[in-house]
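Worksheet for the structure shown next.
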Amino acid sequence: MKFHEPQYLWFLLILIPIIIWYVYRYRSRLTYMQVSSLRLLDKMSKSYKQYLTHALFALRCIALALIIFALARPQTSNSFRRETTEGIDIMLALDISGTMLAEDLKPNRLEAAKDVAIQFAMDRPNDNIGLVVFAGESFTQCPLTIDHVALVNLFKGVEYGMIEDGTAIGLGLANAINRIKNSKAKSKVIILLTDGTNNRGDISPVTAAEIAKTYGIRVYTIGAGSSDVAPYPFQTPLGIRYQNIPVDIDEDVLREIASMTGGAYFRATNSKKLGAIYDEIDQMEKTKLQVTETHRKSEDFWPFLLGAFVCLFVEILLRHTILRTLP
């Protein structure tokens, strides 16, 4: 409850001098009588009228306070909020080839890409998001879904060795296009992350990009890997040994894919940069949210006026009946 005219509440301060005046007047009207002993008076029971001595004044103060509350116009409001969302359908195409185990991104490229993509999905609850993985071949790990908990669980199950090794960028992109092309969403996006060059598959990346353009799908491409060489774990009879391998990303093709489809190309040289790239894409592809709010206010001064009327009525009734005083 709120008061539309709260300035009237200052009139409650009037009660302070009124109470002071009443106490002073009551004490000044007390009469005194000297007696030899109070022994007999102690045995006398108090009349109920003594307990109601100040009831008339209290009722009048309460009535005055309630009238002041009514003047301040107490109001209650009901708010209704209606949201209409226009989500974006997003397919994530993730490279899971052997080179994604390189550790220039921590703990390695694959795990860093999974962690950042999971956070990206959880930050977009209104969007349908799916996952395609590719190496030498490609398959759909999760179709477009609004159930991001299921998506995260499927993301966690992605690991190297699920499919034949290699880097079929064109095949991975084509698979993602096939999963999103019939979407009814006004905005369709593919985020493709890879750390190599296309060396497998029957579809070239540029041909897949032309198909994406035909369906109005924007493709954001991300090249994951440091600028020169990266430490890669090799299994040997003596355990895991690390060796620096060259970073070979076909940036020209990734830029062409992004340019043809109206997307953008990004280079992630470390885990922090990768997170910043997904944040940038998140800002570029905002979900449209239309909010309609309705506020309904109602005047609630009647209960206060009714309470004041009841107090005044009871005061008048008591004053002229059981608490009547004779001149």
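Exactly one condition in (1) closer than 20 Å to residue 111 by Cα; (2) part of a loop (DSSP other than H, G, I, E, B) is not met by residue 232; state its number.
Tallying (1) closer than 20 Å to residue 111 by Cα; (2) part of a loop (DSSP other than H, G, I, E, B), residue 232 fails exactly one: (2).
So which pairs qualify, if the first residue must be in region 259-273 and touching a residue at least 12 places away in the same chain (Cβ under 8 Å) and more than 16 Å from residue 110 (Cβ to Cβ), the second must be open to solvent by 60 Å² or more (accessible area, probe 1.4 Å) and not in a loop (DSSP other than H, G, I, E, B), the Cβ gap must be under 7 Å, and the two must be at least 6 apart or on different chains?
Going by the 7 Å Cβ cut-off, the qualifying pairs are 260/210; 260/213; 261/213; 261/218; 262/218; 263/218; 265/255.
Residue by residue through region 150-167, note down the ones that are out of contact with any helix residue (DSSP H, G or I) (no Cβ under 9 Å at 6 or more places or on another chain) and either more than 28 Å from residue 251 (Cα to Cα) or small (Gly, Ala, Ser) (or both).
Looking only at region 150-167, we keep the residues that are out of contact with any helix residue (DSSP H, G or I) (no Cβ under 9 Å at 6 or more places or on another chain), and these are 150, 153-154, 157, 162-164.
Hits for region 150-167 are 150, 153, 154, 157.
Mind listing just one residue for me: the one in region 213-229 that is within 33 Å of the chain's Cα centre (by Cα) and not in a loop (DSSP other than H, G, I, E, B) and, of those, farthest from residue 272 (Cα to Cα)?
Among them, the one singled out is 217.
What pairs can you find where one residue is in region 190-215 and within 17 Å of residue 140 (Cα to Cα), the other is assigned to a loop (DSSP other than H, G, I, E, B), and their Cβ atoms are less than 6 Å apart, with a gap of 6+ or different chains?
201/168
Looking at region 206-232, which of its residues are surrounded by fewer than 24 Cβ atoms within 10 Å (Cβ to Cβ) and touching a Phe, Trp or Tyr at 6+ places or on another chain (Cβ under 6 Å)?
231
Go through 167, 197 for me and flag whichever is part of a loop (DSSP other than H, G, I, E, B) and buried (at least 24 other Cβ atoms within 10 Å of the Cβ).
So the residue among 167, 197 that is part of a loop (DSSP other than H, G, I, E, B) and buried (at least 24 other Cβ atoms within 10 Å of the Cβ) is 167.
Quick one: residue 184 ticks every box in (1) more than 23 Å from residue 248 (Cα to Cα); (2) in a helix (DSSP H, G or I) bar one, so which box is it?
Checking residue 184 against (1) more than 23 Å from residue 248 (Cα to Cα); (2) in a helix (DSSP H, G or I), the one that fails is (2).
Please enumerate the residues belonging to region 128-146 that are surrounded by 22 or more Cβ atoms within 10 Å (Cβ to Cβ) and not hydroxyl-bearing (Ser, Thr, Tyr).
Those that are surrounded by 22 or more Cβ atoms within 10 Å (Cβ to Cβ) and not hydroxyl-bearing (Ser, Thr, Tyr): 128, 129, 130, 131, 132, 133, 134, 135, 142.
Restricting the search to region 257-290, which residues are touching a strand residue (DSSP E or B) at 6+ places or on another chain (Cβ under 9 Å) and among the acidic types (Asp, Glu)?
280, 285
Here is a check on your reading of the model: is residue 156 on the phi < 0 side of the Ramachandran plot and either touching a residue at least 24 places away in the same chain (Cβ under 8 Å) or open to solvent by less than 50 Å² (accessible area, probe 1.4 Å) (or both)? Before the answer, list the steps.
Values: on the phi < 0 side of the Ramachandran plot: yes; either touching a residue at least 24 places away in the same chain (Cβ under 8 Å) or open to solvent by less than 50 Å² (accessible area, probe 1.4 Å) (or both): yes.
Spelling it out, residue 156 is indeed on the phi < 0 side of the Ramachandran plot and either touching a residue at least 24 places away in the same chain (Cβ under 8 Å) or open to solvent by less than 50 Å² (accessible area, probe 1.4 Å) (or both).
The values are calculated or read from the model by the stated rules, or taken from the named source; none is laboratory data. Keep in mind it's a predicted model, so treat the numbers as computed, not measured. Positions of Cβ are generated from backbone atoms using ideal geometry, with glycine treated the same way; all protein chains shown enter the neighbour counts. The area values use the complete protein model at the heavy-atom level, side chains included, leaving out ligands, DNA and RNA. Shrake-Rupley method; radii C 1.70, N 1.55, O 1.52, S 1.80 Å.
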